[in-house]
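A quick write-up on the structure given underneath.
The values are calculated or read from the model by the stated rules, or taken from the named source; none is laboratory data. Note that the coordinates shown come from a computational prediction; the quantities given were computed from them, not determined experimentally. Backbone-built Cβ (ideal geometry, glycine too); neighbour counts: all protein chains shown. Accessible surface areas use protein heavy atoms only, side chains included; no ligands, DNA or RNA. Shrake-Rupley method; radii C 1.70, N 1.55, O 1.52, S 1.80 Å.
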Amino acid sequence: MKAGDQVTFSETRGRMRVKYIGESKTAKTSKGSEVALTKDTEYQCTEKEYHSGLFVLMTVPSGERVRVKRSELQKI
């Protein structure tokens, strides 16, 4: 790479879409506020977390993150 070249990253780099298939409920975000999770709704999470952990930090449309079981998610 030449000096002065700019590297740009995709906004969705390392993220994947998932569908929440668990029961509709209210959950606490990592910041402590409550958010409603509805069944069959699409969210985003990191691909690395999805494939490596039992729990996944899922990003809701407000930008906050919610911890859910991977078994309650379906890869899209």
Does GLU42 satisfy being among the acidic types (Asp, Glu), free of Cβ contacts under 8 Å to residues at least 12 places away in the same chain and loosely packed, with under 15 Cβ neighbours inside 10 Å? no
Note on TYR50: of the conditions (1) under 19 Å from SER71 (Cα atoms); (2) loosely packed, with under 14 Cβ neighbours inside 10 Å; (3) in contact with a helix residue (DSSP H, G or I) (Cβ under 8 Å, 6 or more places away or on another chain); (4) without any contact (Cβ under 8 Å) to a residue 40 or more places away in the chain, unmet is (2)
Across the range 60-76, the tally of residues that are under 16 Å from LYS19 (Cβ atoms), open to solvent by 30 Å² or more (accessible area, probe 1.4 Å) and assigned to a strand (DSSP E or B) stands at 3
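Find the residue count for the range 14-39, including only residues that are open to solvent by 70 Å² or more (accessible area, probe 1.4 Å) and assigned to a loop (DSSP other than H, G, I, E, B).
So the count comes out to 5.
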